[in-house]
Amino acid sequence: VQLQASGGGLVQAGASRRLSCLASGRTFSTMAWFRQAPEKEREFVAALRWSGTTTRVADSVMGRFHISRDIAKNTVYLQMNALEPEDTAVYFCSAARGGKIYSSMPDPASYDYWGQGTLVTVSS
């Protein structure tokens, strides 16, 4: 089982970036993105149930970030728009074997697998 995140890099404030997470080895019921900035705790960003019935986005990125998935490619995406320097962080992809209810999606303990992370740096 492997989660391979990609798409990070250096971008200017106001720009857009799309992160991808390829899941291999099995399918998952719930996938999510978290991020961790230097000297800060890991923070929930967005999650979705693979069935497409439920999505959740953190208030801090609501309206700017969007999570989606491509069933055929077994890939989840994080579209990030209007990036701000405060969005600078390592972004991690995570996955759970079971479907997660809305209230449990932001909890890192809900997830069974984690990718290696991809760094997004937003310059002002």
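The values are calculated or read from the model by the stated rules, or taken from the named source; none is laboratory data. Since the model is a prediction, treat every value here as computed from it, not as a measurement. Glycine also receives a Cβ, built like all others from the backbone with ideal geometry; neighbour counts cover every protein chain displayed. Ligands, DNA and RNA are excluded from the accessible area calculation, which covers all protein heavy atoms including side chains. Shrake-Rupley method; radii C 1.70, N 1.55, O 1.52, S 1.80 Å.
State whether the residues of the stretch 67-77 include one that is open to solvent by 60 Å² or more (accessible area, probe 1.4 Å), part of a strand (DSSP E or B) and β-branched (V, I, T).
There is no residue in the stretch 67-77 that is open to solvent by 60 Å² or more (accessible area, probe 1.4 Å), part of a strand (DSSP E or B) and β-branched (V, I, T).
Looking at the stretch 7-28, which of its residues are surrounded by fewer than 16 Cβ atoms within 10 Å (Cβ to Cβ), within 17 Å of the chain's Cα centre (by Cα) and among the charged types (D, E, K, R)?
Of everything in the stretch 7-28, just one residue is surrounded by fewer than 16 Cβ atoms within 10 Å (Cβ to Cβ), within 17 Å of the chain's Cα centre (by Cα) and among the charged types (D, E, K, R), namely R18.
Considering only the stretch 26-42, state which residues are assigned to a loop (DSSP other than H, G, I, E, B) and not aliphatic (A, V, I, L, M).
R26, T27, F28, S29, P38, E39, K40, E41, R42
Filter the stretch 95-124 down to the residues that are aliphatic (A, V, I, L, M) and either open to solvent by 20 Å² or more (accessible area, probe 1.4 Å) or outside any loop (DSSP other than H, G, I, E, B) (or both) and list them by number.
A95, A96, I101, A109, L119, V120, V122
Among the numbered criteria (1) aliphatic (A, V, I, L, M); (2) open to solvent by 70 Å² or more (accessible area, probe 1.4 Å); (3) assigned to a loop (DSSP other than H, G, I, E, B), which single criterion is violated by A82?
The single condition A82 does not satisfy is (2).
Please count how many residues of the stretch 1-16 are more than 23 Å from A72 (Cβ to Cβ) and part of a strand (DSSP E or B).
Number satisfying all stated conditions: 4.
Quick one: in the stretch 29-47, of everything that is in contact (Cβ under 8 Å) with a residue 40 or more places away in the chain and open to solvent by less than 10 Å² (accessible area, probe 1.4 Å), which residue is farthest from A96 (Cα to Cα)?
Here the answer is V45.
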